[in-house]
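Read the figures in this text as sums done on the coordinates, not as results from a lab. Just so we're clear, the structure is a prediction, and the values are computed from it rather than from any experiment. Here the Cβ positions follow ideal geometry from the backbone for every residue, glycine too, while neighbour counts run over all protein chains shown.
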Amino acid sequence: LTTILSELIALSAAGLLVATFGVVVRRSFIGWVSAYRYQSIVLAASTAVVGYSTGFWDIYAAAVLTFVVKAEVIPRLLVRVTSGVEGGLKMEANPYVSIRLSVLISALLVALSYGLVGQVLASASLDALAQAYLPVSVSLFFIGLFAMVSRRTALNQVVGLLIIENGLFLFTTALTHGVSLIIEVGILADALVGVAISAILLTRMSQTFDTMDMGSLEKLKDD
Amino acid sequence: LMVMPGLQMESVLGTLPSASGTLMLTVLLTPAAAAAFVALTRRKRLAEAATLLSAFLVVLQVAGLVAGVIAGTRLSAFGDFLSLDALGALVMIPIAGVGFVAALYSINYMGRQYERGVIDRRHIIRYYAGFNVFVLTMMVVPLANNTGLMWVAIEATTLVSVLLIMLYTTEGAIEAAWKYLIVATVGLSLALFGIVLFSYAYSNASPSTADSAMNWTGMAADARMLDPAIVKVAYVFVIVGLGTKAGIAPMHTWLPDAHGEAPSPVSALLSGVLLNCAIYGVLRFNIIASGTLGPSFPSEMLIGLGLLSMGIAAASVYFAKDMKRMLAYSSVEHMGIISLAVGFGGFVGLFAALFHIVNHAIAKPLMFFASGTVSQRYETKTMSEIRGIIKVMPVTGALFLVGGFAIVGMPPFNIFVSEFLALSSGFAGGQFIAASMMILLLVLVFAGFIRKLIPMIFGNPRSNSAQPSYPEGKDDMGRLAILPMAILAVLVVVLGFYMPQPLQTLIHDAVQVVQGAP
């Protein structure tokens, strides 16, 4: 049974990384959202694996909530809100960093994450769950951050933020084995409200600026 | 200057009368109920009245809670999920106080925006509902003993204040709201990484049940037993993350946009109170990190970041053209002063830092209220187009002048006292270079600020006015605009001379909390 469990842990950790690269290689907003959705499904599965191996029932609840909120509600919300926005604005036509280079940089970021976790938490005796998931969660954080700065459209920044948030959730679950259901629900609620608010902002932005290119947002300065 | 009381107050830990627990709950339920009421009535007058009443009731309840804390007890409720000690109480008072004067000021300010057609009735309702929720989320921060809940509350303040900033649907407001949402959220996710690492170090050191592994009181009590390698990394994450939200340079980039574009009463809350909530979080983790790592590493970080914030603020104040953006940069400066004073440490340094939190929370809202009223009268925020406030609106001009002198640290106003204490703690602690640089930067900000303030207040009203809508005659825009400013101005003056005994006791106890006394 333990070998099956460790296989499951390794498989879900790898699945999370693969889904994250799915975000890196896509150009269209719809592509990003579906890659995020796959990532969230794997995240919910990983959370369930943590629940199974630790035996805390509230981690299962967190897994179910993750699935409902992140794999269902948030992608639908994003797609619906942006349906009014013109198609041309949703395509990442001219990213700051090309797709090919992005894949390369993301791979380096993954390697960096494994190195960092090994270095920083060397003194801590990590269990199998933390060893498998921590480097992945840090990679999610870095890749999300990289996605935010390397792309131009505001929509993609939201997806970058959501990837960071997934990394954070995985980090918390893997390290503390489900701190407390109330806190995880709070984090999920913050994520949901955050998406709703950014959706409102995106709609206003498309009405006011007729572009979502972040390069055009530079009116506020002192000179 | 100030005589410290010889206190032999023994902090009584442990479970307390449920009365304080009830009060902690009702103080949060009051603004929640007001927000729900505002959303349901949809009438402007009722929304204003409900918000003002709620803010007043919050002041009364916070006074009750603070009295309990001053009596020498750490209040605790719901299995230590919520708690309030002297440090929390010191942050709680400005939230309630500024919340009340901002609610009072909103009636006039937002009312005029409504009459001028800048916003419609839907916006007013949205504003007051958001205002109440904003106050609610800020009050959760000092009340949360569970650090996870504290993080959720700080993130919630971001989300609510984004909604308040984008109340005006101008290009500037949308840009500011977007930048704030993205930068603050990324920053806070870094902070959560740090908080989770703190909690992990704590649960490794003393295995306990899952719920209390995030409780601050436990982490602080066992600080010496935590793994220093993990705590060091965790502390850096928390400083960068919460520092972003506190507007500490170089993570402050969102702040001038957000504080400049928000409606003026909201700017007052953002600058005067919300920044304190983030600094409060930094202080909480500073206590744990100092316990684990010893004081030198945390102090060096805070001194470095504090000087950088003051330096960037000094340069930006000099180049600022927009009145509210200049005030926002001044907030970056004052957050820098607070982290410097904490870094200097010792009893005097910490006393200065905590007193400065209160002083800044009084003077900065006064400045934002005055600038809001001035910009409504002159119909611009550009400083070079505003001349002769004292002739056009005499009372507001005088209050603006008092606030301006206070904010740059002129004696005999309140901010001078805490800045002086901070400096003397720096020299007393042997930090000669940092303290000398602090003096230099204080002088630079002083010069930059006064150079812009004096022509605005005393200049010739006609000399520089290319605008057609230049204000005629004398008009102070109504008593309801003056009253909140006057309340704050009185406090600015009084606290420069005299410190009431309860406040002195409270800061004294809060310093002991920061120094790690039980």
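In terms of its C-alpha gyration tensor, segment B:386-518 has an oblate overall shape, because the principal axis ratio a/c (a ≥ b ≥ c, square roots of the eigenvalues) is not below 1.5 and a/b does not outweigh b/c. Between B:Phe458 and B:Leu40, the distance separating the two model label sites (each 7 Å from Cα on the Cα→Cβ line) works out to 5.5 nm. If I build a Gaussian network model for chain A, linking alpha-carbon pairs within less than 10 angstrom, which residue out of A:Pro95, A:Pro75, A:Pro135 has the largest mean-square fluctuation? So, out of A:Pro95, A:Pro75, A:Pro135, the one fluctuating most is A:Pro95. Only Lys, Arg, Asp and Glu carry charge here, each on its Cβ (+1 for the first two, -1 for the last two); on that basis chain B has a dipole of about 1300 debye about its Cα centre. Taking Cα centre as origin and charging only the Cβ of basic (Lys, Arg, +1) and acidic (Asp, Glu, -1) residues, the dipole magnitude of the protein assembly as shown rounds to 1700 debye. Label-to-label distance for B:Thr26 and B:Lys474 is 4.6 nm, based on points extended 7 Å past Cα in the beta-carbon direction. Here the calculated FRET efficiency for A:Ala128 and A:Lys219, from their Cβ-Cβ distance with R0 = 30 Å, stands at 0.05, rounded to the nearest 0.05. With neighbours defined as other Cβ atoms within 10 Å of a residue's Cβ, the residues B:Thr505, A:Thr172 order from fewest to most as B:Thr505, A:Thr172. Mean-square fluctuation check for chain A, GNM, Cα pairs under 10 Å: which of A:Glu165, A:Glu184, A:Glu72 is largest? Evaluated over chain A, the most mobile residue of the options is A:Glu72. Could you give the dipole magnitude of segment B:350-477 about its Cα centre, charging the beta-carbon of Lys and Arg +1 and that of Asp and Glu -1, in debye to the nearest 20? Using Cβ point charges on Lys, Arg, Asp and Glu, segment B:350-477 gives about 200 debye.
From the square roots a ≥ b ≥ c of the eigenvalues of the alpha-carbon gyration tensor of segment B:84-197, which class results: rounded (a/c under 1.5), prolate (a/b over b/c), or oblate? Since a/c reaches 1.5 but b/c is at least a/b, the shape of segment B:84-197 is classed as oblate.
Taking each DSSP H run with n ≥ 4 as -39500 (n - 2.57) and averaging over every residue of chain B yields -25500 deg cm²/dmol at 222 nm. Among A:Arg26, A:Arg80, A:Arg37, the largest mean-square fluctuation in a Gaussian network model of chain A, built with springs joining Cα atoms closer than 10 Å, belongs to A:Arg80. Normalising the average separation of contacting C-alpha pairs (under 8 angstrom, six or more residues apart) by the number of residues puts the relative contact order of chain B at 16 percent.
Percent relative contact order of chain A, based on C-alpha pairs within less than 8 angstrom and at least six residues apart? The value is 24 percent.
Annotation for A:Val68 and B:Met410: the two label points, set 7 Å from Cα along the Cα-Cβ direction, are 6.0 nm apart.
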